[in-house]
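Below you'll find the structure, written out as structure tokens, and then a few comments.
Laboratory data are not the source of any read-out in this text; all were calculated from the coordinates shown. These figures come from a predicted structure and were not determined experimentally. With ideal geometry, Cβ positions are generated from the backbone for all residues, glycine too; neighbour counts draw on all protein chains shown.
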Amino acid sequence: MERAYKFRIYPNLTKQERIDELLILAQQFYNRLLEKSIESYKSEKTKISMAQLNRFAKEIIQEEGKYLKLYSQTRLDIKFRLLRAYQNFFRRIKEGKEKAGFPRFKSRDRYRSITYPQDNGSFSIIRKGKLRVSRIGTMPIKLHRKIEGMIKTLAIKREVRSYYAIFVTINEIKRSEVKDTNPVGMDLGLNSFIALSDGTKIQKPKFMQEKRKRITRWQRIIARRKKGSKRREKAKERLQIIYEHSTNQSNDFLYKLSHMLVNSVYTSFVVDDLHIQNMLKDHKLAGSIQDASWNRFIQLLSYKAESAGLRVVKVDPRNTSKICSNCGNVQDMPLPERTYICNRCGISIDRDINASINILNRATLGQRGSHAQGDICQYVPTGDASSVEELRTDKTRPLKSCRGSPQALFVGGCHLNW
């Protein structure tokens with residue numbers, strides 16, 4: 001299993017200047033490689049290969065020797081970055097996507113990390129609290145947790161005014177599979193972040209929307225200031241700090257929530273196989289969808305579940321909100337309608353809970369003991385939408401926190417209650 005560890009580093013002013021210089025050189029080296037590859041493609045009409053990039057790199061270094069300041073393995077990683085960009089571009093063309101995304105030239109704001117792809121002496125933790133990196137030097141590092149596994153790569157990253165070291169490790173973990181006795185379906189949405197098939201609903205704070213006024217204000221300030229001026233750069237830095245804080249808040253919430261779910265009573269998780277890029281075409285909801293961070297949550301839940309011997313299953317998301325979880329009837333459900341009232345059997349149930357039961361149905365159809373039969377809802381005659389009651393059966397145990405204490409958990413600045 002691959003795992004990444006991110007630690008804060010504290011270079012002094014001299015080493016900060018070295019890191020910034022290496023980042024600028026790496027960005028320029030990437031752009032020069034891209035420029036030469038475009039010229040070669042126009043003249044030779046052949047796909048870009050690593051052999052060609054190696055030839056271009058030699059020509060660039062002969063023309064400008066300043067790129068020798070970059071560590072040799074770092075230059076190799078830059079070539080791999082560009083090669084992956086071309087491979088992804090041709091793959092998207094083959095898949096027939098509208099926007100293939102040809103590799104772009106990188107500005108300084110978009111090139112924020114340099115990588116040492118081999119642990120061959122180019123970096124080392126020489127003693128507790130000190131990190132030595134080739135071409136940069138020794139600097140303090142805050143090792144807030146133990147690194148498990150064999151270190152493969154190191155990336156030095158700059159985020160606004162802070163610097164980080166990101167180690168990627170490989171660790172062999174042998175875990176026995178947990179018997180899947182209590183699967184749960186999960187519907188990801190905007191009205192409620194997660195709706196579980198046992199009736200639990202969890203809300204996520206809207207971190208980005210809370211800062212919308214401040215973001216808009218600094219965007220207007222940046223637009224007024226002259227390009228290339230120091231005052232404009234300072235304004236951009238203030239805006240980046242706001243975005244970074246919002247991202248950290250969201251990540252903190254998602255980490256704690258995924259950890260809580262994996263350490264609860266559930267033995268597997270069934271989720272929608274969402275196509276986020278298609279959903280972002282709806283410009284009215286694009287901002288809210290990006291703020292929700294569904295993909296990020298599924299990634300965190302997947303790797304934590306794998307470590308615990310659990311499974312995350314993805315199913316087709318089509319019509320999960322339109323199908324009755326009790327009788328299978330399909331009917332239109334406009335987005336503003338939050339309660340599903342079946343025209344055939346008369347069941348009344350929360351729209352998101354109904355979708356989560358359908359999601360679970362698609363992965364566990366026919367398994368006894370699951371929540372796939374609509375057993376958490378009481379039958380309500382057609383037209384009586386006010387008397388909605390969710391019933392828990394003896395098979396359904398209440399969700400507990402990772403410490404085993406029921407009722408509530410403080411996650412990401414808010415209380416989750418059930």
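Quick look at the numbers
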quantity: Unit charges on C-beta of K, R, D, E only; dipole of the chain, Debye; calculated: 2700
quantity: Estimated FRET transfer efficiency when R0 is 25 angstrom, pair Asn263-Glu177 (beta carbons, to 0.05); calculated: 0.90
quantity: Estimated FRET transfer efficiency (Lys94, Ser49; beta-carbon r; R0 25 Å; 0.05); calculated: 0.90
quantity: Cβ-based charge dipole, the stretch 2-170, positive-most Cα from Gln118, Tyr10, Gly96; calculated: Tyr10
quantity: Separation of the Ile126 and Ser40 label points, Cα + 7 Å toward Cβ, nm; calculated: 3.9
quantity: Between the stretch 237-299 and the stretch 152-187, the Cα center-to-center distance that results, in Å; calculated: 15
quantity: Calculated Rg/Rh (Cα atoms, Kirkwood Rh) (choose from [x] 1.00; [y] 0.93; [z] 1.02), label; calculated: [z]
quantity: Charge sum, other residues only, whose C-beta stays under 13 Å from Asp332's C-beta, Lys/Arg counted +1 and Asp/Glu -1; calculated: +1
quantity: Calculated FRET efficiency for the pair Lys226/Lys152, C-beta based, R₀ 60 Å, to 0.05; calculated: 0.85
quantity: Rough spin-label spacing in nm, given labels placed 7 Å along Cα→Cβ, for Gln209 and Lys314; calculated: 2.6
quantity: Qualifying GluC sites (Glu not before Pro) for the stretch 44-129 [loop in DSSP, other Cβ within 10 Å: at most 10]; calculated: Glu95, Glu98
quantity: Cα→Cβ-extended label distance, 7 Å offset, between Arg338 and Asp273, nm; calculated: 3.2
quantity: Cα-centre dipole for the stretch 290-366 with unit charges at Cβ (Lys and Arg positive, Asp and Glu negative), debye to 20; calculated: 180
quantity: Distance-filtered residues of the stretch 71-114 - backbone nitrogen under 12 Å, label point 7 angstrom along Phe7 Cα→Cβ; calculated: none
quantity: Counted charge near Arg135, where neighbours are those whose Cβ lies closer than 9 Å (Asp, Glu -1; Lys, Arg +1); calculated: +2
quantity: Extension reserve of the Arg217-His245 stretch, reckoned as 0.36 nm per residue once the Cα distance is removed; calculated: 8.4 nm
quantity: Global form of the stretch 2-170, assessed from the alpha-carbon gyration tensor, a/c cut-off 1.5; calculated: prolate
quantity: Cα gyration tensor category, rounded, prolate or oblate, for the stretch 250-332 with a/c compared to 1.5; calculated: oblate
